[in-house]
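The next block holds one structure in the form of structure tokens; read it before the comments.
Every number in this text was worked out from the coordinates using simple rules, so none of it is lab data. Because the structure is a prediction, the values reported are computed rather than measured. Every residue, glycine as well, gets a Cβ built from its backbone with ideal geometry; the counts of neighbours run over all protein chains shown.
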């Protein structure tokens, strides 16, 4: 998987309430949730974000609530992948389960400025800043998580297991 | 090398003699939980797996508690999905409005979750049940769906951090909430990321079950996968009257390996207040300064139990809520509601000028029943003070124990109960 898009930068400890406030959780329609993506971190984000753009955040991105609506709304808003220094653990797991590519790379986060054009090679864990010409490695994805991705997400993985 | 309580429970559920931190395991689950926000997504995903029935109709628990009693038409549709799925599947543990409670107060009270269990719930505060000596963790809806079908979940065995709370007796007006806020203030909101927080020490042994639930409840606010307290006589006394199936008590070995050990002396701990917008922004009550409030909220899965209501009543008795403050009180379950009524606590609350609500998660997550307007400020016994958590993105939430919240409601600013004369 390869993506290219513009970077939108966020600070540390962006919680899932900021990603998708609970006041919108009376629906789980991805398109409707996307209209409020990142609203309490940057109210203008849903209007600014373009298909393929990349969220670049500091440590502990997606901490807090278990709402799967958080990675769902990011994906539905057109964001191609997220790069952060670290992730809230439920958000990390949920992103794999629903197929939102997320990468961990403190160096890349420090080496990217908002608006930079970023190219990501998810399979090889390479993040290339087209604007500055610098490239970074992301932390390797654990083999079991790779197996989940290869199976097409957790639901397909479980479906396969239950048939056996 | 010995094992921690967490490692022992996970090994037993993975059919292994031992497990090591970092190891990926497939574990049997004893209980799978969802609510009216997370279960609709899980039900939709479950249907994609293509199995007709859940793995065990007594082990899948659905609680409509977040936006109920239904706050609007869309919420009513989500609650209806739960109701219809529960009926179709013949689930024995579906609790309707009027018979329900806030999930993390209700499940232990009903004896649904027990010591030694592995529990996953599509709600981050599922870590609450660790107070019983169970491995219990929050997950997303897709994990819930997979577990509903297979009765299993995959986990990375977490490293454990041991928190030792020394000192026999807690200072006046200090409770479980203050111990956990103090720890989060110390290690930060990602201080236990991916890890298990194990709470031990004399002060924990002297803590009631209600106080222990409060502590385990907020483990996730330090980024932890789980919080756990090894069972003792207090746990057994609580569980014995409620359990309808066998349970098993595990303890950490003396030579178990911890990522680190952190020791506190409870004599140093005052009532804590977490300032906006992270639970780690804690200050002792003596250093809060002048912070005026518009609303006080007492309740939630963190502090909506009997002991919490009794403490609030003790502070409020014979006083009136400040004219500029709304005080809303949310008992955690119908059983707690009835007990509080029987003990005359509602007389004290209503005479003081407080609103008493049916059990719901409502205000804690900015759902309904106590939303803040722009610029408003609340003190709450809940667990999160994130931006916009209780309403407008420019409102503020301060976290505290029930005694501080009640005292603040009376004086209109955040104060120690000692200031209420």
Next item on the list: Could I have the simple spin-label model distance between residue B:205 and residue A:48, label points 7 Å from Cα toward Cβ, reported in nm to one decimal?
Entry: 5.6 nm
Item checked: Part-to-part distance (alpha-carbon centres) for segment B:161-196 and segment B:273-317, which is given in Å -> 16 Å
Check: Once you put a point 7 Å from the Cα of residue B:248 and another 7 Å from the Cα of residue B:1, both along the Cβ direction, what distance in nm separates them?
Finding: 2.2 nm
Next item on the list: Jot down the per residue volume, in cubic angstrom and as a whole number, of the convex hull over the alpha-carbon atoms of segment B:352-406.
Entry: 84 Å³
Next item on the list: Write down Rg/Rh for the protein assembly as shown, rounded to two decimals, with Rg from the C-alpha atoms and Rh from the Kirkwood relation over Cα pairs.
Entry: 0.95
Check: Just how far, in whole angstrom, is segment B:110-133 from segment A:103-125 if you go by their alpha carbon centroids?
Finding: 38 Å
Next item on the list: Compute log10 of I(q)/I(0) for chain B with the Debye formula, placing one identical point scatterer on every Cα and leaving out solvent, at q = 0.13, 0.14 Å⁻¹, to two decimals.
Entry: -1.09, -1.27
Checklist line | Spin-label zone in segment B:197-222 - amide nitrogen under 18 Å from a point set 7 Å from the Cα of residue B:164 along the C-beta vector | finding: B:197-207
Notebook entry, point to check: With the radius of gyration and the Kirkwood radius both derived from the Cα set of segment B:77-218, what is their ratio Rg to Rh?
Noted result: 1.01
Note to self: Would you report the distance distribution of C-alpha pairs in segment A:31-164 as whole percents per 10 angstrom bin, up to the bin with the largest distance?
What the structure shows: 12, 41, 35, 10, 2
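Given the convex hull of the Cα atoms of segment B:244-384, what is a quarter of its surface area in nm²? Please list the in-between numbers first.
On the way: hull surface 51.0 nm².
With the hull built on Cα positions only, its mean projection is 12.7 nm².
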Notebook entry, point to check: Quick one: Cα centre-to-centre distance for segment B:336-403 and segment B:1-67, in angstrom?
Noted result: 31 Å
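When a/c is below 1.5 the answer is rounded, else prolate if a/b is larger than b/c, else oblate, so apply that to segment B:160-304 with a ≥ b ≥ c taken from the square roots of the Cα gyration tensor eigenvalues.
Details: a/c = 1.73, a/b = 1.43, b/c = 1.21.
It is prolate, given that a/c is not under 1.5 and a/b is the larger ratio.
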Checklist line | Label point distance in nm, residue B:421-residue B:373, each placed 7 Å from Cα along Cα→Cβ | finding: 3.3 nm
